Amino acid sequence: MIKHIHVIECDSTQDLLKEQLSSMQSSEQFLLSCDNQTFGHGRGGNSWTSLTGSLCFSFTLIPHKISSFTALEISLLVVRFFEIKGQKLKLKWPNDLWTKDRLKCGGILVQSSHDNYLAGVGINLFSEDKTFGGIYESSFEIEKKKWCFDLTQFIHLHRYEDTSLLISDWENFCGHMKMEVTIIENGKEVQGEFLGLGIYGEARLLSQDKIHHFFNGSLRPTSFAR
């Protein structure tokens, strides 16, 4: 059973969920969602901009058995949820969602707090800002509370036990497999062919006949023509 708290507005669903958990002693699954998020957190200290068509929510979860795969797993399950609804999305390492036009339309942030793992999800169902993509091409009325609950429930019901299957499925939905990309990690840039995920969820990049492993970098497409 998921305990669901929905608010009209908050700075960050992750911060508010942390506050709620700090005052509770319960093993229940928690979900906190909002209509409007004013200061959402992105990966690496970046912010997530909430738009009219955005879903913003955070929930508790048990990490994948190899914890470094958790954000990758949640990203994949979000893509699978929308595939059932007839919308084709792509994954961008490590935690972004792309539209068919390779515009960012979502992101996942996984953190630990008070002995819990928290997943923060930001998704644009539609976007009126040309800087970002939207899953749907046109706007529509959104019952945000229901969308957030349905998506969270789908994630809980379809977790991966098999890490090798998780890797295979993630790579099938990856939008830059076998393509030239640049990865920046700790100020160092390496350009090469993206080979997929390693055994810890790291990016594998072939550059100058050497395979490089990146665990916490930022990926930028170099070319889509191969």
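The values are calculated or read from the model by the stated rules, or taken from the named source; none is laboratory data. Please read all numbers here as calculations on a predicted model, not as lab measurements. Quick reminder, even Gly has a Cβ in these numbers, built from the backbone with ideal geometry, and neighbours come from all protein chains shown.
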Practice item. Among the residues of the range 126-143, write down those that are closer than 12 Å to residue 104 by Cβ and polar (S, T, N, Q). Key: 127, 131
Revision key, fill the gap. The correct count of residues that are at pLDDT 95 or above and on the phi > 0 side of the Ramachandran plot in the range 110-143 is 0
Revision key, fill the gap. Selection from the range 97-106 of residues crowded, with 18+ Cβ neighbours inside 10 Å and either more than 15 Å from residue 171 (Cβ to Cβ) or assigned by TED's automatic domain parsing to the domain that holds residue 202 (or both) yields 97, 99, 105, 106
Point to revise | Selection status of residue 201, crowded, with 17+ Cβ neighbours inside 10 Å and either in the same structural domain as residue 52 (by TED's automatic domain parsing) or more than 30 Å from residue 52 (Cα to Cα) (or both) | key: yes
Practice item. Working only within the range 23-52, note down all residues that are in a strand (DSSP E or B) and at pLDDT 70 or above. Key: 29, 30, 31, 32, 33, 34, 35, 36, 37
Review point. Can you pull out the strands (runs of 3 or more DSSP E) entirely within the range 53-164 that have at least 1 residues that are of a type in the set (S, T, N, Q)?
Key: 54-61, 104-113, 116-124
Review point. What about residue 194, is it over 20 Å from residue 65 (Cβ atoms) and in contact with a Cys (Cβ under 8 Å, 6 or more places away or on another chain)?
Key: yes
Revision key, fill the gap. When the range 152-191 is checked residue by residue, the ones that are of a type in the set (A, V, I, L, M), in contact with a strand residue (DSSP E or B) (Cβ under 7 Å, 6 or more places away or on another chain) and closer than 18 Å to residue 76 by Cβ are 167, 177
Point to revise | Check on residue 147, at pLDDT 95 or above, crowded, with 20+ Cβ neighbours inside 10 Å and aromatic (Phe, Trp, Tyr) | key: no
**Study point:** Residue count, the range 107-132 (criterion: in contact with a strand residue (DSSP E or B) (Cβ under 7 Å, 6 or more places away or on another chain) and surrounded by fewer than 21 Cβ atoms within 10 Å (Cβ to Cβ))
**Key:** 4
Practice item. Kindly indicate whether any position in the range 171-180 is assigned to a strand (DSSP E or B) and either free of Cβ contacts under 8 Å to residues at least 60 places away in the same chain or among the aromatic types (Phe, Trp, Tyr) (or both). Key: yes
